[in-house]
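J.: This is the structure I have questions about; it appears just below.
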Amino acid sequence: MKKTHFFLSVLALTLISSCQSIDEPVSEDLRKAEVHNKTVNVTNHDGRPFSTGSSSAAGKFIAGPGGSVLMQGFYWDVPAGGTWWDTVKSKLTDWSTAGIGAVWLPPASKAQNGAYSMGYDPTDYYDFGNFNQNGSVETRFGSRTELEALITKAHAENMQVYADIVINHNSGGQSEANPFTGTNTWTDFSGIASGKFKRSYNDFYKNSYGNNDEGAFGGFPDLCHANPYVQDWLWGRDDSVGKYYKNIMKFDGWRFDYVKGFGPWVVNSWNASVGGFSVGELWDSNVNTLEWWANNANSSVFDFAAYYKMDEAFDNGNLNVLNDDMMWKRNPYKAVTFVANHDTDIIYNKMLAYAYILTHEGYPTVFYRDYEEWLNKERLNNLIWIHNNKATGTTSILYTDNDEYIARRNGYNGNPGLVVYINTSSSWQERWVETNWSSQQIKDFTGHSGWYPTTQGDKWVKIQCPPNSYSIWSLNQ
């Protein structure tokens, strides 16, 4: 759901390399004193990849040992005119080649504002641009035929497709007398063109089931999930919204909008009945709240705790906050990390933030405009490759201060893992760190440093990082 949209300047990334030579080895005591030996194992993640490829496809994309990456395939107010599904479809091959394993689409069904709506004011869940209602046949994004072609193409590329599901509220109903309010309410959805999931006043709060649930949004009629009729149409029956999206439209998973508006049991019930990947938009920076919701919903959740910590770290010169708790540290399998989305875009130093989420645990999301318009696509593709091929195992934070952060992924099942170095200062920095590797040559897979150091027998090595940038080190193989 659209809340507040921030306009940011485009971030320019200066690529810097170094031809400096490695210093002569120093004593173990000296280098350990230099690095402060701040090593903390923050999770028990075993490094197994996420499953993001369609099981029925034979496409070229295969998730690497680090898993894969999710693309948010839209932004707020994408061009109207019914062209967006074709736009996304035209990019799928390149995204798959880059290592992106899934795409999240905007709400796909007809909403109150028809051809002008971003879909967050849903009217008819079964109209994907094939019925003439709310002023148009097509949605803002295109026709049902074009949407189905997009999904088919994604599966041919072995990518999954996630639907944005808005089930807290509806819009576009007709006025009817409501005995529970003593007034007329816009809750008559008996005339929707698909003829499926017709609704009336008793399907919205307040009604015979009570006065309200966890939260309404924007003055829209608030769906009553306590009503068995609503449950049946959303996820229970064979042609329910969830099962229709999954079995007929062939969506593979769900991004649930505004989950603060209803109990986590709703998503839990949907997942149990329908299946597929799911992630909830619980806009809350409290990691305890995020973890509580994810556990009770049996779902992933967007890691807003990490999002706000990254803003403080990379934009406000305090990398020490990256020691704080985040959802990916609590449970990386239920944490979807992100740098920006269609609702909120507050991080300025975005490349550093992407270097963080694409080297750390969790399921990282790339925002369409960052990838296609605003940032350096070559650098993002490099980070995606590093994530898919090197970012495995548990995480150990090796060093932090106000403007330096170094962490190690400890590797898994023969994969060597990596060391990521982020530097927000205005000069090159160097540190001795303890790696996973003994007496082996390593390199910076970003190309920012020209060093090719060999680790010592006790696995220690000196690495470097350019100013306001990052370097990512692993075995030279």
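The values are calculated or read from the model by the stated rules, or taken from the named source; none is laboratory data. Only a predicted model underlies this, so the values are computations on that prediction, with no experimental measurement involved. Quick reminder, even Gly has a Cβ in these numbers, built from the backbone with ideal geometry, and neighbours come from all protein chains shown. Heads up: the accessible areas ignore ligands, DNA and RNA and are worked out on the full protein's heavy atoms, side chains in. Shrake-Rupley method; radii C 1.70, N 1.55, O 1.52, S 1.80 Å.
J.: Would you check which residues across the range 75-119 are more than 14 Å from residue 137 (Cβ to Cβ), in a strand (DSSP E or B) and either of a type in the set (D, E, K, R) or touching a Lys or Arg at 6+ places or on another chain (Cβ under 8 Å) (or both) and list them?
T.: Passing the criteria: only 104.
J.: Turning to a different aspect of this structure: Just the residues that are under 14 Å from residue 228 (Cα atoms), open to solvent by 40 Å² or more (accessible area, probe 1.4 Å) and charged (D, E, K, R), please, taken from the range 184-215.
T.: Answer for the range 184-215, where residues must be under 14 Å from residue 228 (Cα atoms), open to solvent by 40 Å² or more (accessible area, probe 1.4 Å) and charged (D, E, K, R): just 198.
J.: Ok, one more. Just to be sure I understand, how many residues within the range 301-322 are surrounded by 24 or more Cβ atoms within 10 Å (Cβ to Cβ), out of contact with any Asp or Glu (no Cβ under 9 Å at 6 or more places or on another chain) and not in a helix (DSSP H, G or I)?
T.: 1
J.: Further, regarding this structure: In the range 160-209, which residues are among the aliphatic types (A, V, I, L, M), closer than 19 Å to residue 256 by Cα and outside any strand (DSSP E or B)?
T.: 166, 167
J.: Something else now. What about residue 144, is it basic (Lys, Arg) and over 21 Å from residue 233 (Cβ atoms)?
T.: Judged against the criteria, residue 144 is not a match.
J.: It is to be established whether one or more residues within the range 336-354 are surrounded by fewer than 21 Cβ atoms within 10 Å (Cβ to Cβ), modelled with pLDDT of 95 or more and part of a helix (DSSP H, G or I).
T.: No, that holds for no residue.
J.: If you go through the range 143-177 one residue at a time, how many are in contact with a Lys or Arg (Cβ under 9 Å, 6 or more places away or on another chain), of a type outside the set (A, V, I, L, M, F, W, C), surrounded by 15 or more Cβ atoms within 10 Å (Cβ to Cβ) and at negative phi?
T.: 10
J.: Sort out which residues of the range 229-250 are among the hydrophobic types (A, V, I, L, M, F, W, C) and either part of a helix (DSSP H, G or I) or in contact with a Lys or Arg (Cβ under 7 Å, 6 or more places away or on another chain) (or both), and write them in order of number.
T.: Result: 230, 233, 234, 235, 241, 248.
J.: Please verify whether the range 374-393 includes one or more residues that are open to solvent by less than 30 Å² (accessible area, probe 1.4 Å) and aromatic (Phe, Trp, Tyr).
T.: No - not one qualifying residue is present in the range 374-393.
J.: Could I ask something else about it? Taking residue 446 and the conditions (1) touching a strand residue (DSSP E or B) at 6+ places or on another chain (Cβ under 6 Å); (2) open to solvent by 30 Å² or more (accessible area, probe 1.4 Å); (3) under 23 Å from residue 319 (Cα atoms); (4) polar (S, T, N, Q), which numbered condition does it fall short on, given that it satisfies the others?
T.: Answer for residue 446: the failing condition is (2).
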